[in-house]
Amino acid sequence: MSAYDRYNVDIPYKDMPPSMFTVVGVSDDGDEIVRPSTSYWHDVWQRFRHDRLAMIGLIILGIMVAACILIPEFSDKTYDGMDFFNSRQPPSREHLCGTDAMGRDLFIRIMYGARISLAVGFVAAAINLFVGVIYGGISGYIGGRTDMVMMRIVDILTALPSLLYVLLIMLILGSTVQSVIIALCFTSWIGTARVVRSEILRLKHSEYIMAAKLAGAKLPTLLFRHLVPNAMGPIIVSTAFLVPSAIFSEAFLSFLGIGIQVPMASWGTLANEGQAWMSEMPWLLIFPVAAICITMLSLNFIGDGLRDALDPRLKH
């Protein structure tokens, strides 16, 4: 027998020594799953809630929304109730943010202003999301000449200053909450549409889209069941930043005197009234501006947290 044959003799399984099958560090339960599987959105929430600034912003925004809904309902004061015997009062226990020249409680007016400003911000963002997703989705999926025409329309709308559209709409429709929302939504959807279009162009040649086409799926099914859900990360981030932008735009318009008009109170209207009394009653300007700044920071913290949580490249 040669040396090769001597070292390649088949040894029966039962005659092999047990030590040949013992692997150090491996137990019988080695196939046990240590970490339970999670869904995509559960994983996003886990990363979002570990972002301290994002959670602080979410808590502050929740407190602001709850306060503007509940406090005016249980208060005996109204946003337009005048009391000339208590006019020009500084902040006190009875009037937390003081009163204005007509004796109106500034704290209650800020709470009513929060209703208008937050409603304008969230409604405008929702409308922009709806229009932007449909417009950008159709443009990106169909492509070709349709995409070229739709994008040239977007370029034309972008070429002119958005403030010009806002002023024209406000002059035609008047200074109401509805006209402010329409004015803010006229061109704000363009950014969302471009984001959606770029994501659709990236995803429409994927294998699962080809499989859906072979299964007979139509355009609405392909767009809203397969493409848009897989592009929700950038879309949500874009929408999250639309809310503070809309709130700031409404406050800016009201501060200029072409937005919400008195006696209705938005944060911009209150800031516009307060700047005229800055030397005598500085609290009339400080508190509305502080409400705007705190809300804007909270929404931007939430937007940054969503961007980090929805980006798979930042997963630890």
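Nothing in this text is a laboratory measurement; each read-out follows from the coordinates by a stated rule. Since the model is a prediction, treat every value here as computed from it, not as a measurement. Note that each Cβ is placed from the backbone with ideal geometry, even for glycine, and that neighbours are counted across all protein chains shown.
Sort largest first and round to whole Å: the equivalent ellipsoid semi-axes of segment 55-127, each the square root of five times a Cα gyration tensor eigenvalue.
Values: eigenvalues 139, 38, 20 Å².
Computed over segment 55-127, the values are 26, 14, 10 Å.
If you wrap a convex hull around the Cα atoms of segment 136-175, how much volume per residue is inside, in Å³?
It comes to 80 Å³ per residue, whole-number rounded.
For the chain, modelled as a GNM with alpha-carbon contacts under 10 angstrom, which of Leu118, Leu242, Leu214 fluctuates the most?
Of Leu118, Leu242, Leu214, the most mobile in the Gaussian network model is Leu214.
Sum -39500 (n - 2.57) across every DSSP H segment of at least 4 residues in the chain, then divide by the residue count to get the 222 nm mean residue ellipticity, nearest 500.
-21500 deg cm²/dmol
Step through the residues of segment 122-130 one at a time and calculate ³J(HN,Hα) from phi using the Karplus curve (6.51 cos²θ - 1.76 cosθ + 1.60, θ = phi - 60°), rounding each to whole Hz and writing x for Gly and Pro.
So the J values, rounded to whole Hz, are 6, 5, 4, 5, 5, 5, 4, 5, 4.
HN-Hα J couplings of segment 226-241 from phi, Karplus 6.51/-1.76/1.60, θ = phi - 60°, integer Hz, Gly and Pro as x?
With the stated coefficients, segment 226-241 comes to 10, 7, 4, x, 7, 10, 5, x, x, 5, 5, 5, 4, 5, 4, 7 Hz.
Distance between Cα centroids, segment 129-148 to segment 171-250: provide it in whole Å.
9 Å
Can you give the percent of C-alpha pairs in segment 242-300 whose distance is more than 16 Å?
41 percent
With springs only between Cα atoms under 10 Å, which of Thr187, Thr99, Thr158 fluctuates most in a Gaussian network model of the chain?
In this elastic network of the chain, the residue with the biggest mean-square fluctuation among Thr187, Thr99, Thr158 is Thr158.
By how many degrees, between 0 and 90 and to the nearest 10, does the Cα long axis of helix 40-49 differ from the longest principal axis of the chain?
Tilt relative to the chain: about 60 degrees.
Can you tell which of Ile71, Thr295, Met150 lies farthest toward the positive end of the dipole of the chain, using +1 and -1 charges on the Cβ of basic and acidic side chains (Lys, Arg; Asp, Glu)?
Final value for the positive-end residue is Met150.
Please check: in the Gaussian network model of the chain (C-alpha springs, under 10 Å), which one of Tyr112, Tyr208, Tyr141 has the largest mean-square fluctuation.
Comparing Tyr112, Tyr208, Tyr141 in the GNM, the peak value goes to Tyr208.
What's the FRET efficiency of Leu168 with Ile134 using the Cβ-Cβ distance as r and R₀ = 30 Å, to the nearest 0.05?
Using R0 = 30 Å, I get an efficiency of 0.80.
Kirkwood hydrodynamic radius for the chain: how many Å is it when counted over pairs of different Cα atoms? Don't skip to the answer; put the middle values down first.
Details: mean 1/r = 0.0418 Å⁻¹.
Result for the chain, one decimal place: 23.9 Å.
In a shell of Cβ-Cβ distance under 13 Å around Leu223, excluding Leu223 itself, what net charge do Lys and Arg (+1) and Asp and Glu (-1) give?
Summing Lys/Arg as +1 and Asp/Glu as -1 gives +4.
Kindly write out, for segment 280-296 in residue order, the coupling ³J(HN,Hα) from the Karplus curve 6.51 cos²θ - 1.76 cosθ + 1.60 (θ = phi - 60°), rounded to whole Hz, with x marking Gly and Pro.
8, 10, x, 5, 5, 9, 5, 5, x, 5, 5, 5, 5, 5, 5, 5, 4
Above 27 Å lies some portion of the pair distances; for segment 142-275, what is it as a whole percent of all C-alpha pairs?
Values: 3436 of 8911 pairs.
Cα-Cα pairs of segment 142-275 separated by over 27 Å account for 39 percent.
May I ask you to give the average projected area over all directions of the convex hull of the Cα atoms of segment 219-267, in nm² rounded to one decimal?
5.0 nm²
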